[in-house]
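Let me begin by presenting the structure, written as structure tokens, before commenting on it.
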Amino acid sequence: MYKEKTQDWMRHLDFIVIDLMMLLLAFGLAYLTRYDIHIQNKDIYVSLALILLLLDFAVMIIAGTTRGVMYRGYYRELAVTAKHVALVLMLCFMYLFLVKNSEVYSRLMIGFFGCYYFVLAYTARQLWKAFLKRTPDKNKSAIYLITTKDRAAEVVERYQTREVSQYRLTGVCLMDAEEVGTQILGVPVTSSAETVLHFLCREWVDEVVLSFPEHYKAPDDLMGNLAEMGIVVHMEMEGFAELGWQRQEIEKIAGRTVLTIGMNMATPAQLLLKRCMDIVGGLVGCLITAVLTIILGPLIYIQSPGPIFFAQTRVGKNGKLFKMYKFRSMYLDAEARKAELMTQNRVGGGLMFKLDFDPRIIGSKKLPDGTVKKGIGNFIRDWSLDEFPQFWNVLKGDLSLVGTRPPTVDEWDKYELHHRARLATKPGITGMWQVSGRSKITDFEQVVALDKKYIQEWSMGLDLRILLQTVLVVLRREGSM
């Protein structure tokens, strides 16, 4: 969905949010240290906390203290964090001087705040970096190069430099040679002109770079097919075709001017707002999940002894695989029984799996008179309680609050080129087709159309409307039972 810019800070939006959270925590600790548990001058300190948040955000953006975090060592990070805290404190004192009411604030409390903020911000950055470095490839955009044999080595070398280190080269396609299985500077050649679309439809690829010499005539439908799949396409400016409904932008990548085409493009501010909303929603959702676990865990275990949570491999943005978590609402052999129930699937082609009556649900039974006796599993699913553990996926960055639903691996394997476009954005817990009568939609092409509509028309306002509609849909469905 998003044509993400290549600046380092955009690749680490989480660090911005983490710093803001540490600032609030440091401010709260400083207040308690200075005033103990007694509430004094509450209103003026709430105002100061909001001012500090704005100043902190301004320092991160203008001074760039959260850019390139992943490339800094312990001592360099210590110096940058100290600089960051010093700038925030300096701006804070300037603000208090200008408004001429600094005498109402405790200087000791502000001093405590500075010390706490430095320790918390530095510790949080190091811990989050350590977490990200455990799976470094997952934090880079998977980029694929389509070029010619005589140009391949030069292009691969450019995309292996530090300046474009946010990319992970997944492979190369040589349009004018059959050399699948060979390597170019350590990067495998994985497809040819005849097989490249099939390869990209099945593998995790975020962005594609087309780099052809001026004399080379690329197939007319190549860029159109790539764009239809929802992949962000960069074409080096030696000639290109216009694509009417696709968003286009000219930028520089790896030292070359490229035309970038995608289904939609988001600004850095929009991406930051969406990630902030995901983190806040994820934290709240995880707290609710903890409470639900205490209540639902024993009920699930009594009726079906085994794990309380269910983990399943799903396909995320642009084919990236991840583990998605749910409260277990089905018996332990549910996956094994899926094949035998496929003939009852209401969605043709096996591209999604929906049943009118699913005997795998815990406690669900069909009585002799044809009526269905519902159990704890139905209750969990009807109220969408099984989805709550996915808020952990939202915090990790696998999912967003709003997006398209991630398919299973076997569903993904059946996708055609245009189906792939529905995963041009990060999947979500809810989305447009879920609030558009998901129980009534049996044509997968309608699902794809709704998902593409969401991607092309995306805005923060649309996300908020979908979240509200999701709550109303769940409540309305239960009210009609």
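The values are calculated or read from the model by the stated rules, or taken from the named source; none is laboratory data. None of these values were measured; they are calculated from a predicted model. FYI the Cβ positions are ideal-geometry reconstructions off the backbone, even for glycines, and counts take in every protein chain you see. Just so you know, the surface numbers come from the protein's heavy atoms only, side chains and all, with ligands and any DNA or RNA stripped out. Shrake-Rupley method; radii C 1.70, N 1.55, O 1.52, S 1.80 Å.
Here are the numbers:
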{"read-out": "Whole-angstrom gap from the range 384-410 to the range 43-113, using each part's C-alpha centre", "value": "35 Å"}
{"read-out": "Inter-site label distance for E179 and I295 at 7 Å from Cα along Cβ, in nm", "value": "6.2 nm"}
{"read-out": "Spacing of the two label points (7 Å from each Cα toward its C-beta) at L464 and L78, in nm", "value": "4.4 nm"}
{"read-out": "Full-stretch length increase - V104, K323 - with 0.36 nm per residue and alpha-carbon distance subtracted", "value": "73.7 nm"}
{"read-out": "Accessible surface, per residue, of the range 380-453 when the full set of protein chains is kept, probe 1.4 Å, Å²", "value": "33 Å²"}
{"read-out": "Greater than 20 Å apart at Cα, pairs in K149/K414; K323/K396; K274/K396; K217/K320; K140/K396; K320/K396", "value": "K149/K414; K217/K320"}
{"read-out": "Gain upon complete extension [D369, L287; 0.36 nm per residue less C-alpha separation]", "value": "25.3 nm"}
{"read-out": "Mean accessible surface per residue for the range 262-314, computed with a 1.4 Å probe while every protein chain stays in place, in Å²", "value": "48 Å²"}
{"read-out": "Cleavage-rule hits (trypsin sites (Lys or Arg not before Pro)) in the range 148-221: DSSP loop, at most 11 neighbouring Cβ within 10 angstrom", "value": "K217"}
